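**Q** Can you keep this structure in mind? I'll have questions shortly.
The values are calculated or read from the model by the stated rules, or taken from the named source; none is laboratory data. Just so it is clear, the structure is predicted and the values come from calculations on it, not from any experiment. Heads up, the Cβs are rebuilt from the backbone with ideal geometry, glycines too, and the neighbour counts pull from every protein chain shown. Note: areas computed on protein heavy atoms with side chains; ligands, DNA, RNA excluded. Shrake-Rupley method; radii C 1.70, N 1.55, O 1.52, S 1.80 Å.
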Amino acid sequence: MFKFSDITIGKKVGFGFGVITLILMGVVLLTIQQVKSMEVTTKRVVELRTPTAHASLMMLNGINHSLASLRGWIILGDPKFQMERSIAWEEQINPSLKLMHQLSPNWTEAENKIRLKTIEEEINNFKLAQQKIEDIARTAENSPAQKILFEQAEPLEKSIVVSVSKMIKQEVNNTITSQHENLVEILANIETTTSLALERANEFLLSGKQEFKKESLGKWKQNYEHINELKKNESNLEKEQVKNF
């Protein structure tokens, strides 16, 4: 039967060194294995995860950049914002999407690949929506109130003022009496309130300030009063003036 006590000191020392050597070899092998595993992880982080995170951040910045530029174009109408939006797509959003496609074959999560396809579809829809907004933002169709103002109200206002001016001119050419002076005053008031009412309406559309809306409505109220007053004096108008009226 083998007894450790029966072994000579030399063999005991040799056996001890052998055990230590085996332990050291095991530790070294384990360390090498861990180092290799860490190298794989480090490589994945450096070559895959970090670029993916960078591409995601660049895409997010590009989206925010393009939205800010679009808002600037809508509000101010400065062409430089169109250029800024174009730069956001060309230098941030599109490159980041391209980089993600290059990295996606090495992604370990299959769900992330599905997300990328969804993101790409949404990005394309987002781009089309932005283009539609940019195309219509500075047109009359984007502001129906201003379109009505410029295409309908202003021509009517000019027509009214021209007709009233003709009536005033005809009245001035008549013999000056208190009756004629009263008609001239009424016509002048109609001409003034018509112009001011539209002017204040335009200022309200441009600024959104309620005070301009209030002033415009006030001028129209005065205008109706002057029109009613003129109706009462219609019998004093000449044939051509009645036609204009």
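**Q** Please report the spacing between the Cα centers of the stretch 190-245 and the stretch 87-137 in Å, no decimals.
**A** Between the Cα centres of the stretch 190-245 and the stretch 87-137 lies a distance of 55 Å.
**Q** Next question. Could you state the accessible area per residue of the stretch 72-199 in Å², with a 1.4 Å probe and every protein chain left in place? Numbers along the way, then the final one.
**A** Values: 8050 Å² over 128 residues.
Result: 63 Å² per residue.
**Q** Then there is this: Taking the chain as a Gaussian network, Cα atoms linked when under 10 Å apart, which of 193, 52, 108 shows the biggest mean-square fluctuation?
**A** Highest fluctuation of the listed residues: 108.
**Q** Hey, another quick one. Carbon and sulfur atoms: what percent of the 1.4 Å accessible area of the chain do they account for?
**A** Values: 10180 of 17060 Å².
Of all accessible area on the chain, carbon and sulfur atoms account for 60 percent.
**Q** Also: Would you be so kind as to identify which of 14, 124, 31 lies farthest towards the positive end of the dipole of the chain, taking Lys and Arg as +1 and Asp and Glu as -1 on Cβ and the Cα centre as origin?
**A** Positive-end residue among those listed: 14.
**Q** Okay, moving on. Find out how many positive minus negative residues lie around residue 209, taking Lys and Arg as positive, Asp and Glu as negative, among other residues whose Cβ is under 11 Å from that of residue 209. Mind showing how you got there, number by number?
**A** Working: positive: 200, 213, 214; negative: 203, 211, 215.
So the surrounding residues net to 0.
**Q** If I take every Cα pair under 8 Å that is 6 or more residues apart in the chain, average their sequence separation and divide by the length, what percent do I get for the relative contact order?
**A** Averaging sequence separation for qualifying contacts and normalising by length gives 13 percent for the chain.
**Q** Only helical DSSP H runs with n ≥ 4 go in: add -39500 (n - 2.57) per run for the chain, normalise by residue count and round the 222 nm mean residue ellipticity to 500 deg cm²/dmol. Don't skip to the answer; put the middle values down first.
**A** Details: 10 runs with 195 residues, N = 245.
Theoretical 222 nm ellipticity from helices: -27500 deg cm²/dmol.
**Q** In what sequence, largest accessible area first, do 216, 86 appear using a 1.4 Å probe? Let's see the in-between values first.
**A** Details: 216 10, 86 45 Å².
Most to least solvent-accessible, the answer reads 86, 216.
**Q** Moving on to the next point. Principal axis lengths of the chain from Cα atoms, whole Å, largest first?
**A** Computed over the Cα atoms, the extents are 152, 30, 27 Å.
**Q** Once you compute Rg and the Kirkwood Rh from C-alpha atoms, what is the Rg to Rh ratio for the stretch 138-195? Could the numbers behind the result be given before it?
**A** Details: Rg = 16.1 Å, Rh = 13.0 Å.
Ratio of gyration radius to Kirkwood radius for the stretch 138-195: 1.24.
**Q** Which of the lysines could a cross-linker span from residue 132 if the Cα-Cα distance has to be under 25 Å and same-chain partners fewer than 8 positions apart are dropped?
**A** Counting by Cα, and skipping residues close in sequence, residue 132 has these lysines nearby: 80, 98, 117, 147.
**Q** Angle between the Cα long axis of helix 94-103 and the longest principal axis of the chain, 0 to 90 degrees, nearest 10?
**A** Between helix and principal axis, roughly 20 degrees.
**Q** Moving on to the next point. For the chain, give the magnitude of the charge dipole about the Cα centre (Cβ charges: +1 Lys/Arg, -1 Asp/Glu; no others), in debye to the nearest 20.
**A** On the way: 31 positive and 31 negative charges, 353 e Å.
With only Lys, Arg, Asp and Glu charged at Cβ, the dipole is about 1700 debye.
**Q** Give, as a single signed number, the net charge of other residues whose beta carbon lies under 13 Å from the beta carbon of residue 230, with Lys and Arg counted +1 and Asp and Glu -1.
**A** Every neighbour counted, the sum reads -4.
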